[in-house]
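Shown next, in structure tokens, is the structure this report addresses.
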Amino acid sequence: QVQLQESGPGLVKPSQMLSLTCTGSGGSITTTYSAWSWIRQPPGKGLEWMGAIAYDGSTYYSPSLKSRTSISRDTSKNQFSLQLSSVTPEDTAVYYCAFTSDYYGHRYLERWGQGTQVTVSS
């Protein structure tokens, strides 16, 4: 089974960049048709899909976050990363990475990491 683990700082100062890494195991991030997403959940709110990187390196972003979001990958380490710039306290959330085996088909997020809390505060 594919397993994912988020890692990165839990506290980020306003105006700085939020950086997180997701490490996959049990499956390759280059597996054909797969994609690897970042999703977040602010306190008391619903899940928000932020963006994804597909098996071929193509990236896709939520329109509301596109200007501040960058997703990249390191295939040698089976990792992909999230960078969110110019953060404010509204970016405080639990951040998840997740996997789909068929980004260009069903897009069901079949595996999720446990999530990591990121707080934006001075």
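So which residues in region 1-13 are open to solvent by 50 Å² or more (accessible area, probe 1.4 Å) and at pLDDT 90 or above, if there are any at all? Break it down into steps so the answer makes sense when it comes.
Pass one, region 1-13, residues open to solvent by 50 Å² or more (accessible area, probe 1.4 Å): 1, 3, 5, 7, 9, 11, 13.
The answer is GLN3, GLN5, SER7, PRO9, LEU11, LYS13.
Pull up region 1-47, narrow it to residues that are polar (S, T, N, Q) and in a loop (DSSP other than H, G, I, E, B), then point me to the one that is farthest from ARG111 (Cα to Cα). It would help to see each step written out before you state the result.
Step one: list which residues in region 1-47 are polar (S, T, N, Q), which gives 1, 3, 5, 7, 15-16, 19, 21, 23, 25, 28, 30-32, 34, 37, 41.
Those left that are additionally in a loop (DSSP other than H, G, I, E, B): 1, 15-16, 28, 30-32, 34.
Numbers: GLN1: 9, SER15: 31, GLN16: 30, SER28: 13, THR30: 16, THR31: 14, THR32: 16, SER34: 12 Å.
So, considering only residues that are polar (S, T, N, Q) and in a loop (DSSP other than H, G, I, E, B), the one farthest from ARG111 (Cα to Cα) is SER15.
With the requirement that a residue be open to solvent by 40 Å² or more (accessible area, probe 1.4 Å), more than 22 Å from GLN16 (Cα to Cα) and of a type in the set (S, T, N, Q), what does region 81-122 give you?
Matches in region 81-122: SER101, GLN114.
Could you list, ordered by first residue, the pairs with Cβ atoms under 7 Å in which the first is in region 105-122 and under 20 Å from SER34 (Cα atoms) and the second is open to solvent by less than 50 Å² (accessible area, probe 1.4 Å) and polar (S, T, N, Q), at least 6 apart or interchain?
Close Cβ pairs (under 7 Å, with a partner that is open to solvent by less than 50 Å² (accessible area, probe 1.4 Å) and polar (S, T, N, Q)) amount to ARG107/THR100; TYR108/THR100; LEU109/SER37; LEU109/THR100; GLU110/THR100; GLU110/SER101.
Just to verify a result, which residue in region 54-80, among those that are farther than 12 Å from TRP36 by Cα, touching a residue at least 12 places away in the same chain (Cβ under 8 Å) and in a strand (DSSP E or B), is most open to solvent (accessible area, probe 1.4 Å)?
SER70
Residues of region 20-39 being open to solvent by 50 Å² or more (accessible area, probe 1.4 Å) and either without any contact (Cβ under 8 Å) to a residue 24 or more places away in the chain or under 17 Å from TYR61 (Cβ atoms) (or both), which ones?
Across region 20-39, the qualifying residue is only THR32.
For region 81-122, what are the residues that are aromatic (Phe, Trp, Tyr) and either in contact with a Pro (Cβ under 6 Å, 6 or more places away or on another chain) or assigned to a loop (DSSP other than H, G, I, E, B) (or both)? Don't jump to the end; show me each part of the working.
Looking only at region 81-122, we keep the residues that are aromatic (Phe, Trp, Tyr), and these are 95-96, 99, 103-104, 108, 112.
Result: TYR103, TYR104, TYR108.
The values are calculated or read from the model by the stated rules, or taken from the named source; none is laboratory data. It should be emphasised that the depicted structure is a prediction, and the values quoted were computed from it without experimental measurement. Counting neighbours? That spans all protein chains shown, and the Cβs are built from the backbone with ideal geometry, glycine included. In case anyone asks, the SASA skips ligands and DNA or RNA and just uses the protein heavy atoms, side chains included. Shrake-Rupley method; radii C 1.70, N 1.55, O 1.52, S 1.80 Å.
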